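The values are calculated or read from the model by the stated rules, or taken from the named source; none is laboratory data. These figures come from a predicted structure and were not determined experimentally. Here the Cβ positions follow ideal geometry from the backbone for every residue, glycine too, while neighbour counts run over all protein chains shown. What goes into the accessible areas is simple: the full protein's heavy atoms, side chains included, and nothing from ligands, DNA or RNA. Shrake-Rupley method; radii C 1.70, N 1.55, O 1.52, S 1.80 Å.
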Amino acid sequence: MTSTATDTRSSGAAGLRSWLERYPFLPALVILIALLALNGLFSPNSLSFRSLTGLLSTYMALVMLAIAQTYVVSAGDIDLSAGATLSLVNVAIVVLMERWGGGAGAVLLALALGVLIGLACGLINGIVVAALRLQAIVATFATSIFFTGLALYVMPVAGTPAPALFWRTYGGRLFGLPFVFYVLAALAVLLYLLSRTRIVTELLAVGDDQQAAYQTGVPVVAVRIKGYLLCGLFSALSAFCLTGDTASGDPLVGGKMTLYSVAAVVLGGSALAGGWTTVVGSLLGALTIGLVNSLVFFMGTPSEWQNFVQGLAILLVLMAGVLAGRRARA
Amino acid sequence: MSAITSFFKQPLIVALILIVALLYLGQSLSPGFASADQILRLLIVASLLGIVAAGQNVVILGGREGIDLSVGGVVSLSAIIAGNVMNGADGGILPAVLACLTAGAFFGLLNGLGVTLLRIPPLVMTLGMLGVLQGLLVVIRQGIPSGRAAPGLSAFVTQPFAFGIPGIIWLWIAIGLFMALMLNRTVFGHRIYAIGSNEHAAYMAGVPVRLMRIGLFMISGMFAAIAGLCLLGYSGSSFANVGEQYMLSSIIAVVFGGTSLAGGKGGYTGTMAGALLLVILQGILTTVNIDESGRQMVFGATLLLLMLFYGRGRAMRA
């Protein structure tokens, strides 16, 4: 009001804010680019097309799981069983593909069943959390124990290999381009289609203010169950990517990934309390975690310090994600 | 009639009834399950979980989505610190206790500072801290041997101390009394409920909300450190990630004790019963002869079933 300097500065800040509002994943993108640059600085080779493709196919599973988590977080819920769902789908499809002979038909049929298993896990979580109204953190922890038990029943010990057809396709090339790029493209289309539907808006409405959403006629229970169904679906897709990458079944493989998926969501700038989320941010957040891990490796950190430096770096980028996300919402 | 139903709806009563029922079930599945010796052993295991849950409890009571996912990491860290400081000698117990408490308080302080000054949600902050702690464990483990428990500490945890009951159970009872007094009779305790149920009102009434919250995370870290020390005494030597199991089971014990994850409601007496309930359930599952997959499925399903007995959220009303 008094000086033009303050005016331009405040309009600059407001401009930034509106940018952040429209593209809430910007901070995550900045962190990601910075990490890429650092990776290139320490090991120019790490920016080659080949190593970036490798990074993408390794962390595609986490990307999918982070996106799965984003949909429940949108509604203010959380799914601590996402990793266990991933494990269950992983062992189920590997066992089915093997039993049915490992041909193209067997693979496709197993994948279709894998999707159904993921959806079933999501449905159970949705019923338990939304319809029976148990607290999401403890209830999905309980279902994660149950799903892990199922996975152990399907495959008691890790190590059954996936058919060559499956992992060769995932790790290979199609029309000259790495297959994982087609996965990414298909994911982009799927996310775009989902963003055009009502479900995302409804999830965000429930996450923002459950009571208000209910009073304006949003079927809160059904919407939250749909959120868990989407989570189950993407957890299954995540299992496909993981199976393509590791080429084997492991009943405990996803356990450690659950908390990383939550971290990726936060890194991407979404609010854990719900009502404000970004799937693109979660995608970038998952890749950020992957890049942090590879950077710590390329920096020549002594092996015993790698976990510590990774942990510290992830804590720091988590803080950055929270602070930037809040600025965007404020 | 309604007095009777409301009596039976109290979480503590629910937990106690379930404990008796489970003991009965265990005894009928495998005779000797509810013998005095076995019950003492279950109580020792429950006290380890209960001590971690004490810290988890105050953090959750303090509200604003309070939760401490780093307790498991602190338990493991404390066990390895204690093992190295005492290294099998009774004279090292006191320094070990001090070192563990300092470490627990330090990581609690970091959690508290992140949650209050930077306003990072507790789940995120303590999740990140868990990653840091796990990395730190790897570093420590590479450099030094895992260390051994002093005989005095092992005796305190596993051998009868007074009236045939091991010292750790007395310690747990003492912590239970301390928590009950602190939560119900002190200004500090009342302030925990105050910030847990309405942070803004508490702030307006002059409660130092940030300081309180930092304190709660430090208490949580210190209780986890004590548990880590006792865990070392229980197992003799520490091994990788001994504390990991406590991360979510401490939260479940608190929930089974009737404390709301939303904060401001609940107490520690229920949590003690919740910890005991959880340990008895696990005890039954290890005695029955089914393979690991079946055990996990039954455990998960039973946890869900038990949760139905406790405070479910409210149905939406227009």
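The table that follows gives values for the structure above.
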read-out: Only listed residue being closer than 30 Å to residue B:81 by Cβ and touching a His at 6+ places or on another chain (Cβ under 9 Å), chosen from B:177, B:171, B:183, B:211; value: B:183
read-out: Residue count for region A:148-164, restricted to those that are within 20 Å of residue A:109 (Cβ to Cβ) and either open to solvent by 80 Å² or more (accessible area, probe 1.4 Å) or touching a strand residue (DSSP E or B) at 6+ places or on another chain (Cβ under 7 Å) (or both); value: 3
read-out: Residue match in region A:93-106 (condition: within 22 Å of the chain's Cα centre (by Cα), more than 10 Å from chain B (Cβ to nearest Cβ) and within 30 Å of residue A:212 (Cβ to Cβ)); value: no
read-out: Residue within region A:188-203 that is surrounded by 19 or more Cβ atoms within 10 Å (Cβ to Cβ) and more than 16 Å from residue A:73 (Cβ to Cβ) present; value: no
read-out: Residue list for region B:14-32, filter: more than 20 Å from residue B:290 (Cβ to Cβ) and not small (Gly, Ala, Ser); value: B:14, B:16, B:17, B:18, B:19, B:20
read-out: So residue A:315, is it under 28 Å from residue B:135 (Cβ atoms), among the hydrophobic types (A, V, I, L, M, F, W, C) and touching a residue at least 12 places away in the same chain (Cβ under 8 Å); value: no
read-out: Lone qualifier among A:270, A:282 - being part of a helix (DSSP H, G or I), closer than 26 Å to residue A:203 by Cβ, in contact (Cβ under 8 Å) with a residue 40 or more places away in the chain and under 13 Å from the mean Cα position of the chain (by Cα); value: A:282
read-out: Whichever residue in region A:284-302 is under 23 Å from residue A:26 (Cα atoms), open to solvent by 20 Å² or more (accessible area, probe 1.4 Å) and modelled with pLDDT under 85 and, among such residues, is farthest from the other protein chains (Cβ to nearest Cβ); value: A:294
read-out: Of all residues in region A:243-256 being under 18 Å from residue A:144 (Cα atoms) and more than 13 Å from chain B (Cβ to nearest Cβ), the one that is surrounded by the most Cβ atoms within 10 Å (Cβ to Cβ); value: A:254
read-out: Exclusive hit being over 30 Å from residue B:131 (Cα atoms) and either assigned to a helix (DSSP H, G or I) or facing chain A (nearest Cβ under 9 Å) (or both), set B:284, B:252; value: B:284
read-out: Residue in region B:214-224 that is at pLDDT below 90, in a helix (DSSP H, G or I), away from every other protein chain (no Cβ under 14 Å) and open to solvent by 40 Å² or more (accessible area, probe 1.4 Å) present; value: no
read-out: Every pair of residues 6+ apart whose Cβ atoms lie under 7 Å, when the first sits in region B:279-292 and is in contact (Cβ under 8 Å) with a residue 60 or more places away in the chain and hydroxyl-bearing (Ser, Thr, Tyr) while the second is part of a helix (DSSP H, G or I) and open to solvent by 90 Å² or more (accessible area, probe 1.4 Å); value: B:287/B:29
read-out: Selection from region B:211-230 of residues that are in contact with a helix residue (DSSP H, G or I) (Cβ under 6 Å, 6 or more places away or on another chain), over 24 Å from residue A:258 (Cβ atoms) and of a type in the set (A, V, I, L, M, F, W, C); value: B:212, B:214, B:216, B:218, B:219, B:222, B:223, B:225, B:226, B:229, B:230
read-out: All positions within region B:95-128 that are surrounded by 20 or more Cβ atoms within 10 Å (Cβ to Cβ), within 11 Å of another protein chain (Cβ to nearest Cβ) and more than 20 Å from residue A:308 (Cβ to Cβ); value: B:115, B:121, B:122, B:123
read-out: Residue A:281 being closer than 23 Å to residue A:227 by Cα and either open to solvent by less than 20 Å² (accessible area, probe 1.4 Å) or of a type in the set (Lys, Arg) (or both); value: yes
read-out: Failed item, numbered, when residue A:132 is tested on (1) at pLDDT below 95; (2) open to solvent by less than 50 Å² (accessible area, probe 1.4 Å); (3) within 14 Å of residue A:228 (Cβ to Cβ); value: (2)
read-out: Close pairs from region A:210-236: first within 14 Å of another protein chain (Cβ to nearest Cβ), partner surrounded by fewer than 24 Cβ atoms within 10 Å (Cβ to Cβ) and among the hydroxyl-bearing types (Ser, Thr, Tyr), Cβ under 7 Å, at least 6 apart; value: A:220/A:214
read-out: Count of residues meeting criterion [small (Gly, Ala, Ser), part of a helix (DSSP H, G or I) and open to solvent by 40 Å² or more (accessible area, probe 1.4 Å)] in region B:174-205; value: 3
read-out: Every residue from region A:303-315 that is more than 7 Å from chain B (Cβ to nearest Cβ) and open to solvent by 70 Å² or more (accessible area, probe 1.4 Å); value: A:303
read-out: Single match in B:68, B:90 (criterion: crowded, with 24+ Cβ neighbours inside 10 Å and among the acidic types (Asp, Glu)); value: B:68
